[in-house]
Amino acid sequence: MAGSLTTSVVFHIPPPLMYSEYYHTRLQISRISETFGSDIKSNSWWAKPKVVSKRFDKSVPKVSVAYETIVKENPTWDDDISEPSIVSENRLQFLEERDEKNLSWRLLKLSRADKVRSALELYASMDFMGLRPESHAFNALLSCLLRKEEVDDALQVFESMKSSGRTSGHSYNLILQGVAKARGFGAAFEMFEELVADDEHRKKADQVLFNMMLTLCRDEKDWLKSERIWWKMNENGIVGNSTTYRLLVTTFLVFCQYGLAIEAYLEMVRNGVQPDARTMEAAVMAFAKDGRWDSALDVFRGMMKRKENPSVTTFNALIHSLGNNGQVSLAFKVYDCMKSLRHVPTSYTWNALLVALCRAKQYGDALRLFDKIQQETPSGLELHLYNTALSACKRLGSWKRALQILWEMEDLGLSVPVTSYCRVIGACEVGNEPKVALQVYQHMVHRNQTPDTLTLLSLVRSCVWGSLWDEMRDILKLGPPNAHLYNAAVQGLCLRKKTESAKKLYQEMRELELSADHKTRAMMLQFLPRS
């Protein structure tokens, strides 16, 4: 029957056929049977074995669904045996149809129906007859094989596509995804580099293929390979689309490669590609993290013109960048914009505003804002907010307010770190309350907190200016000799005109083989002889 995939072939001898012609016909049939091992009634034959590559896995036999070939391992495995024996049965079909377009349509239907064995038998039969399916049929067969996790057969089909020039960007996309799923990202990336390195095949690599590879790099958390793929795009003269640059900018941002994220964003702008909201948010954060608050603000204004609604994280990053660079008024304008879009400020938002005020040396405003936060959102207060408020207290010397904040932290059950006690002691130092500072220190030790060098330095200075000489001596003896503490004590004694005490302490410092800094040596030169 014409147009069918397989057909039964029956030979009838017409009455007028001469004996010689009949004998010639029977001879042809005999030759076909000898060549192919033909079974005319079943309309199929067994072709020559397909060569199977060497394998070194001794436990699992190789099974190919495409040609039903099985590598039968020998019972014993010796070093002298180089290849396993092969038992191969290749089932092919007699194709009465010879039109590649019609056969491609049949292969497409079988592949879409996930009839793997039938599709592969049809493909193997076409391959045996020298017929080549069309590109879309090839891609459908690849997709079917990969859905059924037949990667080895898919690779054989793909190599056949390459040799016949029927590959496309979609073909590369399918096979690379399948290899990545079955054999890992490393194998897929190696295959990708081989493809784009070939002059013939690199022309078929399109945006979709590069975007797929960038997606795999993002999932594998490998920004180095993302950068390499980006270079390959530029080498091949391919201009990315919005998806390409979103993948690049967001991936580089996640791994703190702010310079690369900015470079990718600027390239997108130069190429005239319109960024989406997510890319612009990532660009704002990259500029902000890189200290380029003006560029971050420009991108943010572009989002506002497009009536985008940035996330709270984007607002926080911009406010923090503006505050760190002394742009307090701009930081509060961005905060007002954040409230107008009905975003709820987080503890990071409040801390960014407090830091902005402290950087601008508006410590009183910072404490007033902290009081406002305590009244409006007491549940939003976290440890870093308390520490920022304590820093403002230290600068102002507001030791009473610092003590109040410290007691609140302890009452709330927060794990108060050493830095918090250090700032309270610093507030006592600036406020000239050395006895209170010593009480805070004793309370700190009672809570099993070990003071660091900064805390002890603040205590030494407090004792010097409070004329608590014995307490100062006790602090110097708390632990191993510390050059920083001795330098601070000697300098304080010199400033308080305690010359003899400064000389004795300096001599003790030299006996302990502690290094004096430049300021200590300059002060002592005024009192000690040059010898």
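The values are calculated or read from the model by the stated rules, or taken from the named source; none is laboratory data. What you are looking at is a predicted structure, and each value in this text was computed from that prediction instead of being measured. Cβ sites come from the backbone with ideal geometry, for glycine too, and all protein chains shown count toward neighbours. To get the accessible areas, we keep the full protein, side chains included, count just its heavy atoms, and leave off ligands, DNA and RNA. Shrake-Rupley method; radii C 1.70, N 1.55, O 1.52, S 1.80 Å.
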Please compute the modelled spin-label separation between Glu408 and Ser311, points set 7 Å along Cα→Cβ, answer in nm with one decimal. 3.1
Can you give me the % of accessible surface on the stretch 425-489 that is carbon or sulfur? Probe 1.4 Å, all protein chains present, nothing else counted. 50
How many nm separate the modelled label positions at Gln362 and His384, each set 7 Å beyond the Cα in the direction of the Cβ? 2.1
Label-to-label distance, nm, for residues given as Lys519 and Lys181 (7 Å Cα→Cβ offset): 6.7
So, relative contact order of the stretch 178-236 in percent, Cα under 8 Å, 6 or more apart, is 26
Roll a 1.4 Å probe over the protein heavy atoms and report the accessible area of Arg292 in Å², nearest 10. 90
Per residue, what accessible area does the stretch 172-219 have, given a 1.4 Å probe and all protein chains present, in Å²? 46
How far is the Cα center of the stretch 325-390 from the Cα center of the stretch 458-494, in Å? 36
Would you please classify the overall shape of the stretch 436-531 from the alpha carbon gyration tensor, given that a ≥ b ≥ c denote the square roots of the eigenvalues, rounded means a/c under 1.5, and beyond that prolate means a/b larger than b/c while oblate covers the rest? prolate
Quick one: order Tyr348, Tyr245 from most to least accessible surface, probe 1.4 Å. Tyr348, Tyr245
For the stretch 265-278, Karplus-derived ³J(HN,Hα) couplings (6.51, -1.76, 1.60; θ = phi - 60°; whole Hz; x for glycine and proline) come out as 5, 5, 5, 4, 5, 5, 7, x, 7, 6, x, 8, 5, 5
Going residue by residue through the stretch 392-397, the Karplus relation 6.51 cos²θ - 1.76 cosθ + 1.60 with θ = phi - 60° gives ³J(HN,Hα) values, rounded to whole Hz and with x marking Gly or Pro, of 5, 4, 4, 5, 8, x
How much accessible surface does Ile475 have with a 1.4 Å probe, in Å² rounded to 10? 10
With R₀ set to 60 angstrom, the calculated FRET efficiency between the beta-carbons of Lys339 and Lys497, to the nearest 0.05, is 0.60
For the stretch 201-353, the percent of accessible surface on carbon and sulfur atoms (probe 1.4 angstrom, ligands and nucleic acids excluded) is 50
So, in the stretch 176-286, how many Lys pairs have Cα atoms under 21 Å apart, if the pair is 8 or more places apart or on different chains? 7
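May I ask you to rank Phe255, Phe128 by accessible area, largest first, using a 1.4 Å probe over the protein chains only?
From most accessible down to least: Phe128, Phe255.
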Probe 1.4 Å, accessible area per residue of the stretch 308-433, Å²: 45
Could you tell me whether the stretch 314-388 comes out rounded, prolate or oblate from its Cα gyration tensor? Rule is a ≥ b ≥ c as square roots of the eigenvalues, rounded for a/c under 1.5, then prolate if a/b exceeds b/c, otherwise oblate. oblate
For the stretch 172-184, Karplus couplings with θ = phi - 60° (6.51, -1.76, 1.60), whole Hz, Gly/Pro x: 4, 4, 5, 5, 5, 5, x, 5, 4, 6, 8, 10, x
Theoretical gain in end-to-end length, Val208 to Lys109 [0.36 nm per residue, Cα-Cα removed]: 33.1 nm
Lys225 accessible area, 1.4 Å probe, all protein chains in place, Å² to nearest 10: 60
Return the subset of Lys361/Lys498; Lys394/Lys498; Lys101/Lys148; Lys435/Lys497 for which the Cα-Cα distance in this structure is over 31 Å, preserving the input order. Lys361/Lys498
Report, in whole Å, the centroid distance computed from the Cα atoms of the stretch 190-261 and the stretch 397-432. 51
